[in-house]
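Since the structure comes first, as structure tokens, the remarks are kept for the end.
The values are calculated or read from the model by the stated rules, or taken from the named source; none is laboratory data. Because the structure is predicted, anything quoted here is derived from the model rather than measured. All Cβ positions, even for glycine, are placed from backbone atoms using ideal geometry, and neighbour counts span all protein chains on display. Remember, those area values only see protein heavy atoms, side chains included, never the ligands or the DNA or RNA. Shrake-Rupley method; radii C 1.70, N 1.55, O 1.52, S 1.80 Å.
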Amino acid sequence: MSAIKMSEKTPLLHYRLSSSTHGSGNSVGVTVDKSPRVSRKTAGKPPKKLTTFFGVIIPTVLSMFSVVLFLRIGFVVGHAGLYQSILMFLVSYLIITMTVLSVCAISTNGALDAGGAYYMISRALGPEFGGSIGIMFFFANVCGCALYVLGLVEAITVSFGISEGEAGLANPYHMLPLGYWWSLLYASAVLLLCLGVCLVGAHIYAKTTFLIFLIVMTVLSSIFASFFIVGPRVVVLPAVSGNSTQAATANFTGFKLDTLLGNLWGSYTVDYTTGSMMSFTTVFAVMFNGCTGIMAGSNMSGDLKNPSYSIPRGTLTAVVFTFITYNLLALLASCSCDRLLLLRNYSFLCNIDVWCPLVMVGIYSSTLSAAMSNLIGASRILFALSRDNLFGGVLAPASQTSERGNPWVSVLISWSLVQVVLLLGKLNTIASIVTIFFLLVYAAVDLACLALEWASAPNFRPTFRYFTWHTCALGIVGCLVMMFLINAIYASVSIVFMLVLLLLIHYLCPTSSWGYVSQALIFHQVRKYLLMLDVRKDHVKFWRPQVLLMVANPRSSTGLITFINDVKKSGLYVLGHVQLGELEMLPADPLQSCYDSWFSLVDYLNIKAFISLTLADSVRHGIQHLLFISGLGGMRPNILVLGFYDDCSPKDNLQDCVFSTGAHS
């Protein structure tokens, strides 16, 4: 008997054991899956070169700093005050820490491939959930890239833009014209630069981000030192178009108790960049973008030397470091900057630093790095989706790679979609969309880990043990609550969109061999309730017919099969069949190849029945075997129905070739 290739629908013993003799000379051969998925992992892929520091810590830290650290820390503290700012950071980091614990657990459970969070979710929850969340995560990275590009453009126009009041002044540094279309042009140029770096590949990206990381750390040290070195000064506020009555200057007071007391409580007002009234949820939406970079290292899983080692350690290190930095910076700003400065000048760090150009370089570097991180992350997710063939030929072009394995088509597609998102034009406008997308992805990661934990799956044995189902559930609840607090409409639309994608993948995509956690959960629950079904508590009032129907030729017994199905009254129903023979006289179990045909018959007749086949030297002995082995616990046959054992030709309309072999003696 030839070796049989493993597939998802093959019965367990059918592909575990066969009679073929392999090179070792054993009488029982173990068949190995030689599908394209395995060969793809071992052939034609460039070596993974990135370490924990370069592949996880640096991208994650830079993605979490970027816009919020340099351009929105004053926005957060100015509107929310110190107390609410710290509360926002605590809530945000509580949510992402629960997600990070789930990511660490899943990433240490086995080998990881390209795709980051998408790969984790799809292999844990199955293709439907994984594919829909993968698309959402892709769009989250696309919108996140646009967010950081607009943040960089905002910083450039503040430094070099010609405002309305300066139209007639000869300032050599203010040379860039302002306006919607000009800003779009600048953003497109920045995005083109990101595209160039990402097209080269992840190795060049890692080198670029390391240089940027050194710059950002230098700038950050300069900012912290400036709070202590620089004395009080008056800061000129940027002009607000259409409003000439507002104050033109504000004060950097240095460390003063009065300044701290004035910044303790919230004072929500109109955002001078969008003209919209701010609230706790809108400010939180902007601030939370400083926490959405936790997946930057996971997105690089296909380019890491050891993803299972690097992702937990690198991500946790980055989370702790950024949390401490954000809170220290908020505290220092509250003690030294008056409220007007925080509310009306989001780039105030430039004005209070020892050397202003250094901060601008830090802003440009960090936002550029975050934009590149999101762009390359989006391309990797799209590449993983196309390689898994979840959407048929729609994403087939995205699977194209260069000679060094860089998915350049996915990079181009991601770049074009970011260009479309840039048409929205305002950073704070995109912030809510980005935050909701990322929160939904984080909730899905927590759900994947929760499902694996609840299912008690024997293959879920992560080496990272600092998580429980409580942390997963808390992360899910926190993400969903914050989604609807930020914007109930956006949250509802995103969930509906995800469910539509889930249904499309369920009905259109080919069957995968990844496994479905739903089956593990069902098994876990069924086992639990079978143990609770105590036969000692049976009572005649609740007696149910539990039938074992013996069938010789199912093609001529469909009437009997459907009749018993009608009279079983929600009881156990088992279709039994005896094949004459002795196993020791045969090269392999002949019944294993028959199960598919019997299951097809059950599906075709739309009956609720189990299948139980046996091999015996006589029909009587076979029936005795089935009576002993059928059922489990309190669910065992109490009625035996004997069909007609004969060898007559079929007398029914079952002409499907599926039932022509293997389903009768």
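What the table shows:
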item: Condition check for F644: open to solvent by 20 Å² or more (accessible area, probe 1.4 Å) and either at pLDDT 90 or above or within 48 Å of the chain's Cα centre (by Cα) (or both); result: no
item: Unique match (being on the phi > 0 side of the Ramachandran plot and either at pLDDT 70 or above or not in a helix (DSSP H, G or I) (or both)) among G44, G78, G55; result: G44
item: Of all residues in region 393-405 being out of contact with any Leu (no Cβ under 7 Å at 6 or more places or on another chain) and part of a loop (DSSP other than H, G, I, E, B), the one that is most open to solvent (accessible area, probe 1.4 Å); result: E403
item: Pair list, Cβ < 6 Å and 6+ apart or interchain, from region 310-324 residues that are of a type in the set (D, E, K, R) and assigned to a helix (DSSP H, G or I) to residues that are open to solvent by less than 60 Å² (accessible area, probe 1.4 Å) and modelled with pLDDT under 95; result: R313/T52
item: Test: F89 is open to solvent by 10 Å² or more (accessible area, probe 1.4 Å) and of a type outside the set (V, I, T); result: no
item: Residue in region 324-346 that is closer than 16 Å to I57 by Cβ and within 23 Å of the chain's Cα centre (by Cα) present; result: no
item: Close pairs from region 276-287: first among the hydrophobic types (A, V, I, L, M, F, W, C), partner surrounded by fewer than 24 Cβ atoms within 10 Å (Cβ to Cβ) and in a loop (DSSP other than H, G, I, E, B), Cβ under 6 Å, at least 6 apart; result: M278/Y268; M278/D271
item: Given (1) in contact with a Ser or Thr (Cβ under 6 Å, 6 or more places away or on another chain); (2) part of a loop (DSSP other than H, G, I, E, B); (3) open to solvent by 70 Å² or more (accessible area, probe 1.4 Å), index of the condition F464 fails; result: (3)
item: Of all residues making up region 288-324, the number that are open to solvent by 10 Å² or more (accessible area, probe 1.4 Å) and under 30 Å from T253 (Cβ atoms); result: 3
item: Complete set of residues in region 526-550 that are assigned to a helix (DSSP H, G or I), within 30 Å of N459 (Cα to Cα) and open to solvent by 70 Å² or more (accessible area, probe 1.4 Å); result: V526, R527, K528, Y529, L531, M532
item: Matching residues in region 346-381 - criterion: being in a loop (DSSP other than H, G, I, E, B) and either of a type in the set (D, E) or crowded, with 24+ Cβ neighbours inside 10 Å (or both); result: Y346, D353
item: Among the candidates L343, L385, L422, residue that is in contact with a His (Cβ under 8 Å, 6 or more places away or on another chain), open to solvent by less than 30 Å² (accessible area, probe 1.4 Å), at pLDDT 80 or above and farther than 23 Å from F213 by Cα; result: L343
item: Residues located in region 555-604, provided they are at positive phi and under 46 Å from the mean Cα position of the chain (by Cα); result: K569, S570
item: Filter pass, I413 being open to solvent by 50 Å² or more (accessible area, probe 1.4 Å), out of contact with any Pro (no Cβ under 6 Å at 6 or more places or on another chain) and modelled with pLDDT of 90 or more; result: yes
item: So C479, is it among the hydrophobic types (A, V, I, L, M, F, W, C), closer than 19 Å to S518 by Cβ, open to solvent by less than 40 Å² (accessible area, probe 1.4 Å) and in contact with a Ser or Thr (Cβ under 8 Å, 6 or more places away or on another chain); result: no
item: Residue that is farthest from R233 (Cα to Cα), among those in region 252-266 that are open to solvent by 50 Å² or more (accessible area, probe 1.4 Å), part of a loop (DSSP other than H, G, I, E, B) and not charged (D, E, K, R); result: W265
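For (1) modelled with pLDDT of 85 or more; (2) open to solvent by 30 Å² or more (accessible area, probe 1.4 Å); (3) among the hydroxyl-bearing types (S, T, Y), each residue gets a yes or a no:
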{"residue": "L192", "(1), (2), (3)": "yes, yes, no"}
{"residue": "V200", "(1), (2), (3)": "no, yes, no"}
{"residue": "F213", "(1), (2), (3)": "yes, no, no"}
{"residue": "V216", "(1), (2), (3)": "yes, no, no"}
